[in-house]
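> This is the structure I want to talk about, given as structure tokens.
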Amino acid sequence: MIPLRSTQRISSKSIATGALIAVNVLAFLYQASMSQYALASFVEQWGIVPDEISGRLYTLLTSMFLHGGWMHLLGNMLFLWVFGRNVEDLIGSGKFTGFYLVCGLVAAVTQVIANPYSRVPTIGASGAIAGVMGAYLIKFPRARIVTLVPIIVFITTMEIPAALMLIWWFVIQLASGFGSLAQTDYTGGGVAFFAHIGGFVAGMLLILVFPPQVRRWRAWNDAD
């Protein structure tokens, strides 16, 4: 299933969401300009390597702006656009940026704790975006997500309840993450499931301390 848009209305421009997408795209274009050898060294330097994290804490931040390929980038940015705009509209652009970064940091730390001996660089915005999705679940559980759904050989769109989609997504991350722990001498590679888990839970909790923009939401309530 591929989310296309939310049915939840917004009343302001998605400045922070758009800016975060632009930074991720620019960073990836810079990566794409490198030779294969230079790119490997770049990712090694700026991505999270859990086994070496003590001397490279800055990578907890830089890693969330790097991606491993076009599909990795486009998938992450689509999810950020679909779920991020409503959360930004709720709490404001400045607070949303801080919220996004904190969720990304918590996600990165969670992945390091879960897989401390990995020497494979971890990159991607999905941990921070998982935080946005967790916040969306808490604040907009009754919204519906217009979703691209394959049915046998056909592809159609359906409106799926946001709560159902997000809870199902989180259950998959939990099952996959804890399933990976069963692997003997697991040292990394593949999807950073625990970054997704940590980011999602962080988003669910942190959004509770980010109050809505008072002026706009009061006006909406008065209008109702």
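The values are calculated or read from the model by the stated rules, or taken from the named source; none is laboratory data. Just so it is clear, the structure is predicted and the values come from calculations on it, not from any experiment. Positions of Cβ are generated from backbone atoms using ideal geometry, with glycine treated the same way; all protein chains shown enter the neighbour counts. Ligands, DNA and RNA are stripped out before the accessible areas are found, and what is left, the full protein with its side chains, is counted by its heavy atoms. Shrake-Rupley method; radii C 1.70, N 1.55, O 1.52, S 1.80 Å.
> Dipole of the chain (Lys/Arg Cβ +1, Asp/Glu Cβ -1, origin at the Cα centre): which of THR7, ILE160, VAL106 lies farthest to the positive side?
The residue sitting most towards the positive pole is THR7.
> Please report the accessible area of MET1 (heavy atoms, 1.4 Å probe, ligands and nucleic acids excluded) in Å², nearest 10.
Approximately 120 Å² of MET1 is accessible to the 1.4 Å probe.
> Taking only DSSP H segments of four or more residues, each worth -39500 (n - 2.57), what value at 222 nm results for the chain once the sum is divided by all its residues, to the nearest 500 deg cm²/dmol?
Working: 9 runs with 135 residues, N = 224.
-19500 deg cm²/dmol, from helical runs alone.
> Also: At q = 0.12, 0.20 Å⁻¹, what is the base-10 log of I(q)/I(0) for region 1-153 according to the Debye formula with one equal point scatterer per Cα and no solvent? Please give it to two decimals.
With no solvent term, the Cα-only Debye profile gives -0.55, -1.22.
> What size of dipole, in debye to the nearest 20, comes out for the chain about its Cα centre when the only charges are +1 on Lys and Arg C-beta atoms and -1 on Asp and Glu C-beta atoms?
Numbers: 13 positive and 9 negative charges, 143 e Å.
Computed about the Cα centre, the dipole is about 680 debye.
> Further, regarding this structure: Pick out which of VAL112, VAL191, VAL132 has the largest mean-square fluctuation in a Gaussian network model of the chain, springs linking Cα atoms closer than 10 Å.
Its mean-square fluctuation being the largest, the pick is VAL191.
> Taking every pair of Cα atoms in region 74-177, average 1/r, invert it to obtain the Kirkwood radius, and report Rg/Rh to two decimals. Intermediate values should be presented prior to the final figure.
On the way: Rg = 15.2 Å, Rh = 15.1 Å.
Result: Rg/Rh = 1.01.
> To the nearest 10 degrees, how steeply does helix 15-32 sit against the main Cα axis of the chain, on a 0 to 90 scale?
Once rounded, one gets 30 degrees.
> Another question, if that's okay. If contacts are Cα pairs under 8 angstrom and at least 6 residues apart, what is the relative contact order of region 1-83 in percent? Let's see the in-between values first.
Details: 41 pairs, mean separation 38.4, N = 83.
46 percent.
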